[in-house]
Each structure stands twice: as C-alpha cells, then as structure tokens.
Amino acid sequence: MHPRTWRAIPALAALGLLIAAAPSHADTWNIDPAHTSVEFSVRHMMISNVKGQFEKTSGTITSEGTDPSSVQVNAVIDASSIDTRVDKRDGHLKSPDFLDVAKYPTVTFKSTKVEAAGDGKWKLSGDLTLRGVTRPVTLDVEGPTPPIKDPFGKTRVGASATTKINRKDFGLTWNKALEAGGVLVGDEVSISIDVEAIKQ
C-alpha cells in the first residue's frame, strides 16, 4: 500500500467519528394557518359558555428525528384576529379592558419541555405570553398523526391540544358584578387547539 494511503487512514477514521458524533439534522415544520384553529371558551353570567377563536396562527415546530424530547414549538397568534361572532363583543375584547391589541398585537407560545403521558399523548410545557405577561402553561397533546403527502407533494402532520388558564394571571381582570351574585365573565378560560403543519 502506498505510504500516502497509510497516512490517510487515520484522518479518514477521525472524519468518520466526527460525522457519527455530529447531531442529527433537525426537521422543521411550518404551522399551516389555513388548517390550524385556536378556540376558547369562557363562562358568561355563571350560566353559559361563550366560545370564540383566533383566526390567524403561525409558527414552527422543530424536532431531531423521532426524539420527542427534542421537539420545540414556537407559535404566534394575531390577537386582533379574535372572533366570537359578535362585532361589539369582539371590539370590547380587543380594547384595553381585555387583550389591548393596539399595545400587544400578538399572543405567543414557546415550548420548554415535552413529557410522555400515555400512548400518543404528551404534556407540552412552555411559556405563554398574553397581554405582555408571560406565564408557564402545560398543554395536553394528542398526536402527532403519521405524516401524509398532500396532492401537491407536501408532507403534513396534525395534532390537537387542550389547556386551561386563569385570565387574571395575564392581567385580564375586567369584570362586572351581577345583582343576583357572581360576575359577568368567568376567570377560567378553556383552550382547544388543532394544528396542521407542513414539513419545510
């Protein structure tokens, strides 16, 4: 064997070790705003639930292969896209009494940890920033679905999540007392999310 070949073997072995030790490539999935919904429900006058949604959500989900602990979620909601099907109520929710969208135009979520919670179920912890206030929240997640190709050749996955927050934790304290007792708007807000994401 040529002397140059002998000298090249250690270098090639070292290169192989470096490649093996290098981190796997992270997959990035873009949240599809057209097929993603963020819905909420809050008690009204102690007798019924008012439901609404945010119509504009974007963001990314990244992961290292199939390792769930590597999943990172960054989502952004356009606060002004709130819709409860009543224009006057939507206007009040956008005002400084509630979301104050002129000052705080977005609601954001940034994940910090993922934990298994059963077959196909996960606990996704992260920081939710609403009305300029950041608090930790945990979402109960089901999924993701197996990847599937759409008719245009793009790879998609879906997942759903739920959580509950206390709106007062985020500075949304406006309310009115009722003559018969109780308040006009409940403090607990139930949130339901359906996400569809496209592989970048």
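Checking the conditions here, which among 11, 21 is modelled with pLDDT under 85, of a type in the set (Gly, Ala, Ser) and farther than 28 Å from residue 115 by Cα?
Criteria check complete, one pass: 11.
Listed residues 145, 155, 162; which is of a type in the set (Val, Ile, Thr) and either under 20 Å from residue 82 (Cα atoms) or under 14 Å from the mean Cα position of the chain (by Cα) (or both)?
Step by step, each of 145, 155, 162 is checked, and only 162 is of a type in the set (Val, Ile, Thr) and either under 20 Å from residue 82 (Cα atoms) or under 14 Å from the mean Cα position of the chain (by Cα) (or both).
Yes or no: segment 139-154 includes at least one residue that is acidic (Asp, Glu) and touching an Asp or Glu at 6+ places or on another chain (Cβ under 9 Å).
The answer is no, given that none of the residues of segment 139-154 is acidic (Asp, Glu) and touching an Asp or Glu at 6+ places or on another chain (Cβ under 9 Å).
Is it true that residue 188 is under 28 Å from residue 26 (Cβ atoms) and part of a strand (DSSP E or B)?
no
Filter segment 107-133 down to the residues that are surrounded by fewer than 15 Cβ atoms within 10 Å (Cβ to Cβ) and more than 13 Å from the chain's Cα centre (by Cα) and list them by number.
Of everything in segment 107-133, those that are surrounded by fewer than 15 Cβ atoms within 10 Å (Cβ to Cβ) and more than 13 Å from the chain's Cα centre (by Cα) turn out to be 115, 116, 117, 118, 119, 120, 121, 132, 133.
Please verify whether segment 76-86 includes one or more residues that are surrounded by 13 or more Cβ atoms within 10 Å (Cβ to Cβ), assigned to a loop (DSSP other than H, G, I, E, B), among the aliphatic types (A, V, I, L, M) and at pLDDT 95 or above.
No, every residue in segment 76-86 fails to be surrounded by 13 or more Cβ atoms within 10 Å (Cβ to Cβ), assigned to a loop (DSSP other than H, G, I, E, B), among the aliphatic types (A, V, I, L, M) and at pLDDT 95 or above.
Using the structure shown, decide if residue 169 is out of contact with any Asp or Glu (no Cβ under 7 Å at 6 or more places or on another chain), part of a strand (DSSP E or B) and either surrounded by fewer than 14 Cβ atoms within 10 Å (Cβ to Cβ) or of a type in the set (Asp, Glu) (or both).
no
What number of residues within segment 87-103 satisfy the criterion of being outside any loop (DSSP other than H, G, I, E, B), out of contact with any strand residue (DSSP E or B) (no Cβ under 8 Å at 6 or more places or on another chain) and hydrophobic (A, V, I, L, M, F, W, C)?
Final tally of qualifying residues: 0.
Of everything in segment 136-158 that's modelled with pLDDT under 95 and of a type in the set (A, V, I, L, M, F, W, C), which residue is surrounded by the fewest Cβ atoms within 10 Å (Cβ to Cβ)?
152
Report yes if residue 105 is of a type outside the set (Val, Ile, Thr), out of contact with any Cys (no Cβ under 8 Å at 6 or more places or on another chain), at pLDDT 95 or above and within 27 Å of residue 34 (Cα to Cα), otherwise no.
Yes; evaluated as a whole, the condition is true for this residue.
The values are calculated or read from the model by the stated rules, or taken from the named source; none is laboratory data. Bear in mind that the values here come from a model prediction, so they are computed numbers and not experimental data. Because the Cβ atoms are built from the backbone with ideal geometry, glycine has one as well, and the counts that use them run over all protein chains shown.
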